[in-house]
Structures are given as C-alpha cells and as structure tokens.
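A.B. asks: Take a look at this one; I'll ask things after.
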Amino acid sequence: MSLIYHLDGELVERAEATVHVDDRGFRYGDAAFETCRAYGGTVFEWDRHLDRLGATCETLGMAEAVPDDLKARVDETLAANDLGDAYVRVSISRGVQPGKLTPSVEVDPTVVVYVKSLSRGGVDGDPVWDGSATVETVDTRRIPDAAVPVDAKTHNYLNGILARLELRGSTAEEVVMRDTDGFLAEGATSNLFFVDDGTLKTPAPGTILPGITRRLVVELADSVGVAVETGRYRQADLREADEAFLTNTTWELRPIGRADGAVVGGGAITNRLRTAYDELVEARCYR
C-alpha cells in the first residue's frame with residue numbers, strides 16, 4: 001500500500017508529496033523538524049516534541065510557522081495510513097522564498113507530516129534495532145553552541161552526515177562525536193549514556209542536542225533510584241564503562257556492545273531503565 005503524507009494541510013499520496021525547488025528547506029536546510037513515535041495510535045511525549053519544535057522555529061525567527069492544528073494533522077496521517085505503531089516526522093520549513101540567503105520577514109511555511117510503520121512498543125513489544133550497537137569515535141567534532149545553537153533541531157544535518165561518512169568501511173553503526181575540547185558529546189542521531197560504578201553518566205547540556213528520550217531516561221533513573229551525573233567525559237571513560245547505551249525516539253534505549261573496539265554492553269542498570277521505559281509506554285499508550 002502506498003503511504004499517504006500530510007503536505008500543507010492536505011493528505012497526499014507519497015509519490016505526489018513534493019516541495020518547490022525554491023523552498024528554503026531544500027535550498028539551505030532552513031527548516032525545523034521533530035521525530036516522534038506513535039504507540040497504539042498515541043504520539044508519545046507529544047507535548048515535549050511540540051515545545052522543542054516551537055523553540056527551534058523561534059530560534060529560526062519563524063515562531064508563527066507552527067500551525068495550531070499540527071497534532072490533528074499528525075492524527076489524520078496516522079489514520080489515513082491505518083497505523084497505530086509508527087515513526088512520525090514533522091517538518092516545517094520557512095517555505096518558498098526568493099533565492100537569497102537573507103530570509104523574508106513574511107513566512108508561508110511548508111508543513112509536512114511523514115509516517116512509516118514500526119513494531120509495537122511497550123511491555124509486549126520488540127525493539128526496532130537488531131542487537132547491541134557498535135560505535136566508533138570519529139574526528140568530526142560537534143558544532144559548538146556559539147556557532148549553531150545545539151538545542152535547535154533543524155534540517156541542516158551536515159555535521160552528522162560528515163561524522164557518519166567516517167564509518168565507511170567500518171562495522172560501526174553509530175558515531176560518537178566529541179566537542180571542540182575533545183570531550184564526549186553525542187552520536188549523529190543519538191544521545192549517549194554510560195554506567196560507572198553504579199552511577200549513570202551522560203554528557204552535560206551545552207554541547208549536545210537535549211533529546212526527548214534522554215530527558216525521559218534521566219527522569220526514569222531518578223524514579224528507580226539510579227544516581228545520575230552530567231559532566232564532561234573522555235573517550236576512555238566510555239571504553240572502560242561498566243555499561244553503556246544510546247537513546248533516541250526510535251531506538252528508545254539501545255545498549256552499546258562495542259565502543260572503539262572495546263567490549264562494553266548493557267547490564268543491570270540498562271535493563272532496569274529499559275523496563276521502566278517499556279512500562280511507561282505501556283501505561284500511557286496501550287491501556
């Protein structure tokens with residue numbers, strides 16, 4: 001069955017869902033987006049995703065671009081595709097404007113909702129990933145906040161693309177980027193956690209995109225009695241960790257099997273947090 005997307009207020013067949021070549025999202029990456037996950041027809045953590053989308057649009061100087069009926073558009077797209085468990089991506093570009101770098105004050109945004117099927121989540125679900133992740137620290141550094149705001153989730157993913165290009169010829173599935181001072185930052189599409197002597201550690205905000213799943217895991221850790229520390233860590237801290245995992249909306253919590261060749265893996269704390277996450281999804285979305 002052909003997928004149906006939502007484009008500028010209308011449901012459109014995937015093959016017909018196109019944007020103009022003068023759209024600034026295409027020309028410059030001048031657009032905001034959010035990747036969400038629907039479980040049983042409910043978009044998990046929607047309010048937080050919407051808040052971050054609005055904040056990114058505000059950073060881009062187009063706060064008014066987020067439509068009031070955006071949630072309804074997402075629900076319509078899921079229903080049109082008969083999907084309850086799905087990947088959901090919402091994109092908002094500045095729209096079609098003349099081919100010059102300086103944006104116009106007036107904004108006529110292009111708004112797209114894209115969905116695809118995923119497996120069931122929650123207590124009775126299955127992860128979308130196949131096995132623990134292998135990660136590799138790369139030379140590409142995370143762009144500093146002083147250059148591009150790290151909390152803005154935009155279409156311009158060149159930083160992550162260049163980092164992933166370094167994996168060509170490698171068996172690694174995700175990169176670990178460092179900041180310009182050499183401290184651990186994040187993956188191309190994921191946040192990083194590791195366990196050291198019973199404490200859950202994660203790079204501090206300021207050099208990372210503060211992920212929705214990352215924030216939720218920190219909250220869950222507090223609820224199940226796991227101490228959490230944020231700070232600045234070196235490459236060796238990850239390689240020598242007792243446990244480690246990655247987080248993002250699609251993967252949820254994915255254990256790191258190997259980091260730069262060193263065996264790490266999951267463990268009791270990773271499993272406890274994965275269980276807590278599954279139980280939360282089950283309670284909010286399937287009951």
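A.B. asks: How many residues does the stretch 181-206 contain that are at pLDDT 95 or above, within 27 Å of SER93 (Cα to Cα) and assigned to a loop (DSSP other than H, G, I, E, B)?
C.D. replies: The qualifying residues number 4.
For every residue, the table says whether it meets (1) of a type in the set (Phe, Trp, Tyr); (2) touching a Pro at 6+ places or on another chain (Cβ under 7 Å); (3) more than 24 Å from GLY95 (Cα to Cα).
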| site | (1), (2), (3) |
| --- | --- |
| THR140 | no, no, yes |
| VAL150 | no, no, no |
| LEU158 | no, no, no |
| ARG164 | no, no, yes |
| ALA172 | no, no, yes |
| VAL176 | no, no, yes |
| ASP179 | no, yes, yes |
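A.B. asks: Give the residues of the stretch 248-263 that are touching a strand residue (DSSP E or B) at 6+ places or on another chain (Cβ under 9 Å), in a strand (DSSP E or B) and under 16 Å from ALA172 (Cα atoms), sorted by residue number. If you could, list the steps in order and put the result at the bottom.
C.D. replies: First, the residues of the stretch 248-263 that are touching a strand residue (DSSP E or B) at 6+ places or on another chain (Cβ under 9 Å): 248-261, 263.
In the following step, the residues that additionally are in a strand (DSSP E or B) were identified as 248, 252-259, 263.
Within the stretch 248-263, ARG254, PRO255, ILE256, GLY257, ARG258, ALA259, VAL263 qualify.
A.B. asks: Being among the hydrophobic types (A, V, I, L, M, F, W, C), crowded, with 19+ Cβ neighbours inside 10 Å and touching a Lys or Arg at 6+ places or on another chain (Cβ under 9 Å), is that true of even one residue in the stretch 11-31?
C.D. replies: As a first pass, look at the stretch 11-31 and keep what is among the hydrophobic types (A, V, I, L, M, F, W, C): 11-12, 15, 17, 19, 21, 26, 31.
Now narrow it down to the ones that are crowded, with 19+ Cβ neighbours inside 10 Å: 31.
Of the ones still in play, those that are also touching a Lys or Arg at 6+ places or on another chain (Cβ under 9 Å) are 31.
Yes, because at least one residue in the stretch 11-31 is among the hydrophobic types (A, V, I, L, M, F, W, C), crowded, with 19+ Cβ neighbours inside 10 Å and touching a Lys or Arg at 6+ places or on another chain (Cβ under 9 Å).
A.B. asks: In this structure, is LEU216 of a type in the set (A, V, I, L, M, F, W, C), surrounded by fewer than 14 Cβ atoms within 10 Å (Cβ to Cβ) and either closer than 19 Å to THR140 by Cα or not assigned by TED's automatic domain parsing to the domain that holds TRP46 (or both)? Break it down into steps so the answer makes sense when it comes.
C.D. replies: Details: of a type in the set (A, V, I, L, M, F, W, C): yes; surrounded by fewer than 14 Cβ atoms within 10 Å (Cβ to Cβ): no; either closer than 19 Å to THR140 by Cα or not assigned by TED's automatic domain parsing to the domain that holds TRP46 (or both): yes.
No; evaluated as a whole, the condition is false for this residue.
A.B. asks: Being assigned to a loop (DSSP other than H, G, I, E, B) and aliphatic (A, V, I, L, M) is the filter; apply it to the stretch 77-128 and report the residue that is surrounded by the fewest Cβ atoms within 10 Å (Cβ to Cβ). Break it down stepwise before answering.
C.D. replies: Here is the first cut: in the stretch 77-128, the residues assigned to a loop (DSSP other than H, G, I, E, B) are 81-85, 94-95, 97-109, 118-128.
Next cut, aliphatic (A, V, I, L, M) only: 83, 101, 105, 107, 118, 123, 128.
Numbers: LEU83: 19, LEU101: 8, VAL105: 6, VAL107: 19, LEU118: 19, VAL123: 13, VAL128: 15.
Among those that are assigned to a loop (DSSP other than H, G, I, E, B) and aliphatic (A, V, I, L, M), it is VAL105.
The values are calculated or read from the model by the stated rules, or taken from the named source; none is laboratory data. Remember, it's a predicted structure, so these values are computed and weren't measured experimentally. All Cβ positions, even for glycine, are placed from backbone atoms using ideal geometry, and neighbour counts span all protein chains on display.
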